[in-house]
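The values are calculated or read from the model by the stated rules, or taken from the named source; none is laboratory data. All values derive from a computational prediction rather than experimental measurement. Cβ coordinates were reconstructed from backbone atoms using ideal geometry, including for glycine residues, and neighbour counts include every protein chain displayed. Calculation scope for accessible area: heavy atoms of the full protein, side chains included, ligands and nucleic acids excluded. Shrake-Rupley method; radii C 1.70, N 1.55, O 1.52, S 1.80 Å.
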Amino acid sequence: MNAPFAVSRRGFLVAGAVAGGGLWLGLAPDAEAAAAAPAALNHWVRIAPDNAITIVSQNPEIGQGIKTSIPMLVAEELDVDWSQVTIEQALADAKTYGRQVAGGSMATTLQYDSMRRVGAGARAMLVAAAAAGWGVDAATLTTGSGMVRHAASGRSASYGSLAEAAAKLPAPDMKTLALKNPKDFRIIGKPATGVDNRKVVTGAPLFGIDVTLPGMKIAVLHKCPVIGGKVASADLAGVKAQKGVSDAFVVAPVGDLYALAGGVAIIADSFWAANKARDALKVTWDEGAGTGQSTPGFVAEAARLAGQKGQQTIFEAGDPAGAMAGAAKRVKARYEYPFLAHSPLEPMNCTARVTGSKVEIWAPTQNPEPGRKAVAETLGVAESDITIHMMRCGGGFGRRLTNEYMVEAAWIARAAGVPVKLVWSREDDMTHGNLRPAGFHHLEAGLDDKGNVTAWTNHFVSFGNNGQFSRAAGLDATQFPARFVPNFRAEASLLPLVTPTNFMRAPANNAFGFVMQGFIDELAHASGMDPVAFRLQLLGPSRLVGEVGKRDSYDAGRARGVLQTAAKMAGWGRKLPARSGLGIAFHFSHLGYFANVIEVSVAASGDVKVHKVWVAGDVGRQIVNPSGAINQVVGSVIDALGGTMGLAITLKNGVIEQSNFGDYPLPRMTDAPPVEVSFVLSDNDPTGMGEPAYPAVPPALANAIFAATGVRLRTMPIDTALLKA
Amino acid sequence: MATELMVNGKIMRVEAEPDMPLLWVLRDVLGMTGTKFGCGAAYCGACTVHLDGAPVRACQTPLESVGKARITTIEGLAATPLGRKLQDAWVTLDVPQCGYCQAGQLMSAAALLAETPKPGDAEIDAAMNGNLCRCATYTRIKAAIKLAAGAKA
Ligand code: FES
Ligand code: FES
């Protein structure tokens, strides 16, 4: 089997003695870290003499279940019972742990092999210690439930009792370790409930916003309503006179809008007092360049740019102009989608304590190291003087890939001279987050008389400055159906943007899926072909398209597999009542292949009801934690339905017009249809689950609505007024 | 101003302004952080607590309006068999993703089951629709309520 994506298997196992007689074992990312490791405090596995077994979770937990699934890999090969282990959250420390990011659905991909080897390495050392102690051949020993056994003599010993002796042995070479045969798995592949669930359901302090330090104050940072604006003048005395308020000061901007945007900091005994004092704040703003931004202005400018040649070429193959001219049939369409706000339910927050040159931070962040760098640069402190505790995040979705709240908290804590918990209001986050970029696609395709797509062009109008796409606003050259249509051109033009943007769950793909799979559906109908048959013809035979080992290589066979599975699950082709329909779509992103079928009915009023969603996903040969995996897929589907149906962030004179969940209506229980999930197990390395189920959902919904009504919706959020009978 | 509150069966004295919402009295004055802040505007239900058994949004409940009502928060949910059943169902079915909304979900669910021991889908929807879950764990929430109620999912 080819390896569509190659993970480098570098790294060194390192081991030593825990104070008090236990064994620790870690995985150093490079030789330098391996040499320094004995001094490091953070390790992946610790086994104490009393048989307490601790597995450290290196990645930020944002609800993707990584604090459960990755330690399961270690526990499996260590050969302990899942109930025997305690999971501990690592500090942010890239030197010890390497990558610590909740993003790109990469943790499983990168760690499926290495974390198993960490468990296997510790097990091998414990077995070696027992063999030496008993004077027997290690090969005659077996393990299970945290015990080493010698069947012939009936001897057995707990891992804890062997830990001290094992700690004196050298760590094994990670490449030579034998791993379990998957058919012997007792933990991997079995549903496990989240390791923090008991704390969640009892209300124990767990999240960033729950952090409480002695002498701590609560801060809010009041920012200019126009994104990018700064304080011109502020009546601080009036604010300081408010009940419960202990301090107020102006924070000047430092760095870009992902660092310290600036505003008026208000420090109080409670969030309530700090937030309420804003009402008494008299402030004038220097609104800056952002005031020129408006959603209708963007739409008009996008239309103007669409009439011109693209400013840059993204991908070109064959002779698109010639093939288009010679096509039997040509189809043109314009697709559009809005800005979105990530809106995790826990508002942005961060707690910081500054003592001399040392900064200690408690942050719900998906990506701590860039935060450390930004704090160091902004405050002028050494990176090594910053300690970051990664707190459980009340949702991420990409919002916490940036760390501006971390920089703000550190800055404000230092200026205030007390430990500070900075809390953003919901309104702060909705009006000052980093947005999923809006976008406009101007598509044309040429078809021959057999339903083959012979030409495809797309002029993508996106956002960016000086020829550079804004974050998460770019189009990847290999976005499907690039490489599957012989004559192809994708080009882009950019609208200038002040407002910061950023990656949102399945970034870019969360919108491209809608565009490409919606347009492909139009082409199927224009060809008079069944939408599944048309897609299979477009994919062509099973083969790897692109270079072996590259992240964007495309396995047509895996795409075919999920497409056919989803169609079968849903009973594709069955007859439905009037104004009901099935829609299908597939998408590849984040190394995962997903397809889904959605069944809708559309009322005479235009209201759309989603009856059911069938999802087929291929993320490799092994699902690590089926319970968490299904939770991720179902969550992604409902998230995507919400993102298609009613959500949009709009700008007017540089101000975001939405402020809270009243005008940004996230899906609720009554919006959540049943979702049936099936995993297609293919012989590929396991990959991540938090994102790739999203992108095929919006187009499947639009395609189902077309099947039910004959109305093609090309704009998100969908306008149900167009669907009236 | 000093006020006496009955929180999870204990009398607690708090110094706080009368218009301070109960959410912030709990979180910032009493240091009970189980009750969550999501929107501050009655949209999300993350802050749901019980006053004399009835679910209320703590972010919309000024301290002065609480009076002698018994307050139950997520930290006190395990005090009743029903509360424990719900918590166990949530763990068994692995409901949480990020978990942030779940305190509020559980408090709404507990109030529902106290009134309606075997709710149907429509009753669950009606009782729970004010509680947002950004991670969209709704199908499992519904299943867990049914499991706790002893009903078939
Ligand atoms: S915080 Fe009270 S309803 Fe959202
Ligand atoms: S579990 Fe994340 S908001 Fe509900």
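How many residues, within the range B:83-127, are among the charged types (D, E, K, R), in a helix (DSSP H, G or I) and at the interface with another protein chain (Cβ under 8 Å from one of its Cβ atoms)?
1
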- Task: Considering each of A:R535, A:R483 in turn, give the residue that is open to solvent by 10 Å² or more (accessible area, probe 1.4 Å), among the basic types (K, R), at pLDDT 95 or above and more than 21 Å from the chain's Cα centre (by Cα).
- Result: A:R483
- Note on the structure: Scanning the range B:128-143 for residues that are touching a residue at least 40 places away in the same chain (Cβ under 8 Å) and facing chain A (nearest Cβ under 10 Å), the one nearest to ligand 2 (Cβ to nearest atom) turns out to be B:T137
- Task: Exactly one condition in (1) touching a residue at least 60 places away in the same chain (Cβ under 8 Å); (2) open to solvent by less than 60 Å² (accessible area, probe 1.4 Å); (3) closer than 27 Å to A:A508 by Cβ is not met by A:R551; state its number.
- Result: (2)
- Being within 16 Å of ligand 2 (Cβ to nearest atom) and either free of Cβ contacts under 8 Å to residues at least 40 places away in the same chain or not assigned by TED's automatic domain parsing to the domain that holds B:A110 (or both) is the filter; apply it to the range B:79-99 and report the residue that is most open to solvent (accessible area, probe 1.4 Å). B:V91
- Message: Could you check the range B:65-78 and list, in sequence order, the residues that are away from ligand 1 (no atom under 14 Å from the Cβ) and either crowded, with 16+ Cβ neighbours inside 10 Å or touching a residue at least 60 places away in the same chain (Cβ under 8 Å) (or both)?
- Response: B:V66, B:K68, B:A69, B:R70, B:I71, B:T72, B:E75, B:G76, B:L77, B:A78
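With the range A:324-432 as the region, which helices (runs of 4 or more DSSP H) entirely inside it contain at least 2 residues that are away from chain B (no Cβ under 14 Å)?
It comes to A:368-379, A:404-416.
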- Message: I'd like to know if the range B:12-20 contains one or more residues that are open to solvent by 10 Å² or more (accessible area, probe 1.4 Å), within 15 Å of ligand 1 (Cβ to nearest atom) and in contact (Cβ under 8 Å) with a residue 12 or more places away in the chain.
- Response: yes
- Test: residue in the range A:135-143 that is touching a residue at least 12 places away in the same chain (Cβ under 8 Å), buried (at least 23 other Cβ atoms within 10 Å of the Cβ) and either out of contact with any Phe, Trp or Tyr (no Cβ under 8 Å at 6 or more places or on another chain) or assigned to a helix (DSSP H, G or I) (or both): no
- Restricting attention to strands (runs of 3 or more DSSP E) lying wholly within the range A:222-303, give those where 3 or more residues are surrounded by 16 or more Cβ atoms within 10 Å (Cβ to Cβ). A:230-234, A:245-251, A:263-268
- Does at least one position in the range A:661-678 carry a residue that is in contact (Cβ under 8 Å) with a residue 40 or more places away in the chain, out of contact with any Ser or Thr (no Cβ under 9 Å at 6 or more places or on another chain), among the β-branched types (V, I, T) and surrounded by fewer than 24 Cβ atoms within 10 Å (Cβ to Cβ)? yes
- Task: Scan the range B:120-143 residue by residue and report those that are within 20 Å of A:Q64 (Cβ to Cβ) and away from ligand 1 (no atom under 16 Å from the Cβ).
- Result: B:A136, B:T137, B:Y138, B:T139, B:R140, B:I141
- Could you please let me know if B:R70 is more than 24 Å from A:E691 (Cα to Cα), basic (K, R), within 11 Å of another protein chain (Cβ to nearest Cβ) and away from ligand 2 (no atom under 16 Å from the Cβ)? no
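For residues that are within 7 Å of chain B (Cβ to nearest Cβ), outside any loop (DSSP other than H, G, I, E, B) and either in contact (Cβ under 8 Å) with a residue 40 or more places away in the chain or surrounded by fewer than 20 Cβ atoms within 10 Å (Cβ to Cβ) (or both), tally how many sit in the range A:636-660.
1
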- Message: Can you tell me which condition A:A163 does not meet? The list is (1) farther than 21 Å from A:D81 by Cα; (2) not in a loop (DSSP other than H, G, I, E, B), and all the others hold.
- Response: (1)
- Task: Output the number of the condition that B:R27 fails; it satisfies all remaining conditions of (1) on the phi > 0 side of the Ramachandran plot; (2) buried (at least 17 other Cβ atoms within 10 Å of the Cβ).
- Result: (1)
- Task: Give the residue that is farthest from B:Q60 (Cα to Cα), with candidates limited to residues of the range B:9-35 that are more than 10 Å from chain A (Cβ to nearest Cβ) and assigned to a loop (DSSP other than H, G, I, E, B).
- Result: B:G9
